[in-house]
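Here is the structure we will look at.
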Amino acid sequence: MSVVVRRVGPEAAAEVLAVVREAFGDRSPLDPPADALGDDAASIARLLRRRGGLLAEVDGRPVGCVVLDPAPDGLVLRRFGVTPDAQGQGVATALVEAAVEAAAGRSAVRVLAREELPGTVAFWEGHGFVVTGRSSPYVELARWLGTTFDAPDAETMRGLGERLGRTLVAGDLVVLTGELGAGKTTFTQGLGAGLDVRGGVTSPTFVIARVHPALGDGPDLVHVDAYRLGGLDELDDLDLDASLEDSVTVVEWGAGLAEGLAESRLEVVIERSVGDHPGGADEEALDPRRVSLRWVVGQ
């Protein structure tokens, strides 16, 4: 048996709803009832519209799901459930691992469990979550995540970007900061690989902005170099708004300029973790770097 977890959006509302109804309907009655029991396709679609969710499948059949809900203090997991016939087969663990991967750049993954279900609380604790609060009938749990990563070479930098790229969705804004030659374009090459977009990603300095169309069903990548832009007005002149909602937009040298392009953003700061690189701005010969990720929501 092989568990496959895929990222989904509002288009998968019917599949997610079917799993939610089967998983939550099998649980003992609770007072008050679980909110999930009142869901319909429209309410699930609204939940999925913010950041999407994850659908676990076995032999092509949906058997598990979770909705990803971004918050200022982390990524909240909602509607986490596995159908009765698929429990005990690693589906829940696969969903947790995929959710943690999707939370890259956030300080924590958070979840609410019911105090009447001690087995559920124990499951989360067994996966690295700790109880952070209680408000009857709920138990609040969190798993703290690292937001700083070491990149000793260009291959590691690309790999980090690729992992992150697989977690991004249409409408995401990435503001990339680092000195000349820090590895910003190398990191963005990884993002492009993770997003599966067309064309080799290179520095867009001489064209300011370049669009890389998606090869599959994912979003396009819009790669912007704001180094020579004098302010937000010039950034607005690029008319990026037309593609922001349907693309992932990465802005190099964007700190102080690009924040107004979206309600939330992922700030990526690349710093040298040791002395100056003897080769100048050659990103292919990166000395060790430290990459810090931080989601900023609602600011």
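Below, the figures for the structure above:
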| item | result |
| --- | --- |
| Residue satisfying all of: in the range 177-219; over 19 Å from Leu266 (Cβ atoms) and among the basic types (Lys, Arg); surrounded by the fewest Cβ atoms within 10 Å (Cβ to Cβ) among these | Arg198 |
| Index of the failed condition, Gly52 passing every other in (1) on the phi > 0 side of the Ramachandran plot; (2) over 20 Å from the mean Cα position of the chain (by Cα) | (2) |
| Enumeration of residues in the range 255-287 that are within 21 Å of the chain's Cα centre (by Cα), in a loop (DSSP other than H, G, I, E, B) and either at pLDDT below 75 or polar (S, T, N, Q) (or both) | Ala258 |
| Residue within the range 19-33 that is out of contact with any Ser or Thr (no Cβ under 7 Å at 6 or more places or on another chain), modelled with pLDDT of 95 or more and within 27 Å of Asp246 (Cα to Cα) present | no |
| Flag if Val109 is closer than 23 Å to Val5 by Cβ and in a strand (DSSP E or B) | yes |
| Which listed residue is under 15 Å from the mean Cα position of the chain (by Cα) and in the same structural domain as Val20 (by TED's automatic domain parsing), from Ala94, Ala104, Ala86 | Ala104 |
| Checking Leu180 against (1) closer than 30 Å to Asp287 by Cα; (2) assigned by TED's automatic domain parsing to the domain that holds Arg51; (3) among the hydrophobic types (A, V, I, L, M, F, W, C); (4) over 23 Å from the mean Cα position of the chain (by Cα), the condition it does not meet | (2) |
| Flag for Asp69 being out of contact with any strand residue (DSSP E or B) (no Cβ under 9 Å at 6 or more places or on another chain), free of Cβ contacts under 8 Å to residues at least 24 places away in the same chain and either assigned by TED's automatic domain parsing to the domain that holds Ala113 or not polar (S, T, N, Q) (or both) | no |
| Checking Leu141 against (1) within 28 Å of Glu162 (Cα to Cα); (2) within 20 Å of the chain's Cα centre (by Cα), the condition it does not meet | (1) |
| Within the range 34-55, considering residues that are surrounded by 13 or more Cβ atoms within 10 Å (Cβ to Cβ) and not in a helix (DSSP H, G or I), the one modelled with the lowest pLDDT | Ala34 |
| Of the criteria (1) assigned to a helix (DSSP H, G or I); (2) free of Cβ contacts under 8 Å to residues at least 12 places away in the same chain, which one Gly88 fails | (1) |
| Some residue of the range 68-81 being more than 26 Å from Thr147 (Cα to Cα) and among the aliphatic types (A, V, I, L, M) | no |
| Selection from the range 141-176 of residues that are crowded, with 16+ Cβ neighbours inside 10 Å, out of contact with any helix residue (DSSP H, G or I) (no Cβ under 8 Å at 6 or more places or on another chain) and in a strand (DSSP E or B) | Ala142 |
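The values are calculated or read from the model by the stated rules, or taken from the named source; none is laboratory data. Since we're looking at a predicted model, the values are computed, not measured. All Cβ positions, glycine included, derive from the backbone under ideal geometry; neighbour counts span all protein chains shown.
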